[in-house]
Amino acid sequence: METFAAAVTLFLIMDPLGNIPIFLSVLSGVVPERRRRILIRELLIALGIMLLFLFTGPTILTALGLSREAISIGGGLVLMIIAIRMIFPSRGGVMGDDGSEGEPLIVPLAMPLIAGPSVLATLVLLAETGPDRSGDWLIALMGAWTLSAAILLLSQKLYKLLGARGLKAIERLMGMILVTISVQMLLDGFKSYLA
């Protein structure tokens, strides 16, 4: 996979436009002066988690006795479920609604909304399939994260600009693209396993 393709894939999986309504909802109970600080904190925590999986992914696989094919198929299945929920949203949004109140910490903003299972599985796969290309994967991750962070930091303005319907349309379009990426991950996993 090329660096640009990896960055686009990671960006689509992070789904910052689709996450805007969820972020606004989760942060609605927080005083407006603290929202930006919390958002920056959650973005940095998510980046730290993703970097950890990018650079320790193969070690984690070895320690758990998991094959690259298992990660590809598992990541593809989780990504497919998330993509289908983006296209056909259920009550509570893509990740559901746990009804928790107060200031969020790590869950649900950093994980699973930004650094979700599909992003982490993709990073582990990239690290496993191209261990000599760590620099490329780091550039792809930083590009996807930076663009996602910019979108989420501008979430109030984008929500006013695009409206709820515009964001839903974009989320469904991204869901369609993610379905094809998840199918490709599944096909790659099965092809590698059967080879």
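The values are calculated or read from the model by the stated rules, or taken from the named source; none is laboratory data. Remember, it's a predicted structure, so these values are computed and weren't measured experimentally. Please note: Cβ atoms are built from the backbone with ideal geometry, for glycine as well, and neighbour counts cover all protein chains shown. In case anyone asks, the SASA skips ligands and DNA or RNA and just uses the protein heavy atoms, side chains included. Shrake-Rupley method; radii C 1.70, N 1.55, O 1.52, S 1.80 Å.
Summary table below
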quantity: Scan of the range 4-13 for residues that are open to solvent by 10 Å² or more (accessible area, probe 1.4 Å), over 11 Å from the mean Cα position of the chain (by Cα) and closer than 18 Å to residue 149 by Cβ, ordered by number; calculated: 7, 8
quantity: Some residue of the range 120-127 being touching a residue at least 24 places away in the same chain (Cβ under 8 Å), open to solvent by 50 Å² or more (accessible area, probe 1.4 Å) and either assigned to a helix (DSSP H, G or I) or out of contact with any Ser or Thr (no Cβ under 6 Å at 6 or more places or on another chain) (or both); calculated: no
quantity: Odd one out for residue 66 among (1) surrounded by 16 or more Cβ atoms within 10 Å (Cβ to Cβ); (2) in a loop (DSSP other than H, G, I, E, B); (3) at pLDDT 85 or above; calculated: (1)
quantity: Subset of the range 14-45 that is of a type in the set (D, E, K, R) and assigned to a helix (DSSP H, G or I) - its residue that is farthest from residue 148 (Cα to Cα); calculated: 33
quantity: Answer from 144, 164 - the residue that is in a helix (DSSP H, G or I), of a type in the set (Gly, Ala, Ser) and exposed (fewer than 15 other Cβ atoms within 10 Å of the Cβ); calculated: 164
quantity: Residue 146 vs. criteria among the hydroxyl-bearing types (Ser, Thr, Tyr) and free of Cβ contacts under 8 Å to residues at least 60 places away in the same chain; calculated: yes
quantity: Lone unmet requirement of (1) at pLDDT below 90; (2) within 24 Å of residue 3 (Cβ to Cβ); (3) open to solvent by less than 90 Å² (accessible area, probe 1.4 Å) for residue 173; calculated: (3)
